[in-house]
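One structure is given here, and the rest of the page talks about it.
The values are calculated or read from the model by the stated rules, or taken from the named source; none is laboratory data. The model shown is predicted, which means the values in this text are computed figures rather than measured ones. Here Cβ is always computed from backbone atoms with ideal geometry, including for glycine, and neighbour counts include all displayed protein chains.
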Amino acid sequence: MEQRQLGRTGLRVSRLGLGTMTWGRDTDEQEAAEQLKEFTAAGGTLVDTSDSYADGGAEYLLSRLMDSLVPRSELVIATKAGCVPDADRRFDASRHFDTSRGYLLAALDASLRRLGTDHVDLWQVHAFDPDTPTEETLHALDLAVGSGRARYVGVSNFSGWQLAKAATWQRCAAGRVPLAGTQMEYSLVQRGIEREVLPAALDAGVGLLASSPLGRGVLTGKYRHGVPPDSRGASPYLAGFVQPYLGERSRRIVDAVATAADGLASSPLAVALSWVRDRPGVAAAIVGARTATQLQAALSVEALTLPDEIRGALDDISAPVRRYPDQDWNEL
């Protein structure tokens, strides 16, 4: 599998990443082991997790698999911190995110214990916290790298101005660690980051890790005729995650993807995933599969590059609405 630089750093990641959001909850240890074996056999290196996935269970499961299946040195482990567990919100129901220096560094230490390693390759702030000064949050990233607990750092779910502010702060003084990446949802049914986040990332030299590149599973075509009982859309944990992409606009895009797949003798999954993977600024598309069979289908996309005319047609049908100030001045 092709390896790409993450932003303007020396960190190289496989252009498809393995997501673990369902590990420890909808994906058991046996299935996770099969996924990891398939992924590494295909040349994949980037494994993305979080301290919030299954309340830390995904990190712990990854640790067990590294002990038995794959050497730590063969993986690029990315994890996140900053989400406040439900149990801790009893003290402050509004506190969904905490990116204070103390909270983040304690969370990193806990992640390292669960992962059974002395460092992570990429440590990411899971979301923006309006109650913590940005410079305090970023200082935690500097300390993590300075102490050797993280090799590179990034952010996730930051808006355009938040990313631009953070990236600029990290580059404006010696001793601060530049942001390597930003993780954001990006797919044919969710192109919102193209308004401000992606231009900010490109300008700052921050690589994009595209999460949910299959539109939370909708772009595979599995929901065209209803919600399969074994799908995420039927899961008590993830039904609300899928529902926003089951509307009429998504249906038109899915139909176009299916038509393109028929013309290429390929699958809707492969078409949708290759579209994201090869967008400007994307370092890796992170695929979260529930089963090893689903992951095998995603890994097969490595051989597919979309023809320009098909890419252009998909661009057109999925184009986000552009309004002021994004429009060209001559269109106003």
Inset, instruction - Might you check whether a residue that is of a type in the set (D, E, K, R), touching a helix residue (DSSP H, G or I) at 6+ places or on another chain (Cβ under 7 Å) and farther than 30 Å from PRO71 by Cα occurs anywhere in the stretch 146-157? - result: no
Inset, instruction - Evaluate the following for GLN170: is it over 30 Å from TYR245 (Cα atoms) and of a type in the set (S, T, N, Q)? - result: yes
Legend entry - Restricting the stretch 160-193 to residues that are in a loop (DSSP other than H, G, I, E, B) and in contact with a helix residue (DSSP H, G or I) (Cβ under 8 Å, 6 or more places away or on another chain), the residue that is surrounded by the most Cβ atoms within 10 Å (Cβ to Cβ): LEU179
Inset, instruction - Go through the residues of the stretch 21-35 one by one and say whether even a single one is closer than 25 Å to HIS96 by Cβ, touching a residue at least 60 places away in the same chain (Cβ under 8 Å), touching a Phe, Trp or Tyr at 6+ places or on another chain (Cβ under 9 Å) and crowded, with 24+ Cβ neighbours inside 10 Å. - result: yes
Legend entry - Every residue from the stretch 77-105 that is surrounded by fewer than 14 Cβ atoms within 10 Å (Cβ to Cβ) and either in contact with a Pro (Cβ under 6 Å, 6 or more places away or on another chain) or at pLDDT 95 or above (or both): GLY102
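I need the helices (runs of 4 or more DSSP H) fully contained in the stretch 268-332, keeping only those with at least 1 residues that are touching a residue at least 60 places away in the same chain (Cβ under 8 Å) and over 29 Å from GLU196 (Cβ atoms).
Filter on the stretch 268-332 gives 292-299.
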Inset, instruction - Starting from the stretch 141-152, take each residue that is within 18 Å of ALA166 (Cβ to Cβ) and list its partners that are modelled with pLDDT under 95 and outside any helix (DSSP H, G or I), counting only C-beta distances under 8 angstrom and pairs at least six apart or across chains. - result: ASP142/GLY175
Inset, instruction - Return yes when ASP48 is over 19 Å from ALA201 (Cβ atoms) and either of a type in the set (Asp, Glu) or touching a Cys at 6+ places or on another chain (Cβ under 6 Å) (or both) and no when it is not. - result: no
Legend entry - Residue under evaluation ARG113, criteria (1) in contact (Cβ under 8 Å) with a residue 12 or more places away in the chain; (2) part of a helix (DSSP H, G or I); (3) under 23 Å from THR20 (Cα atoms), criterion not met: (1)
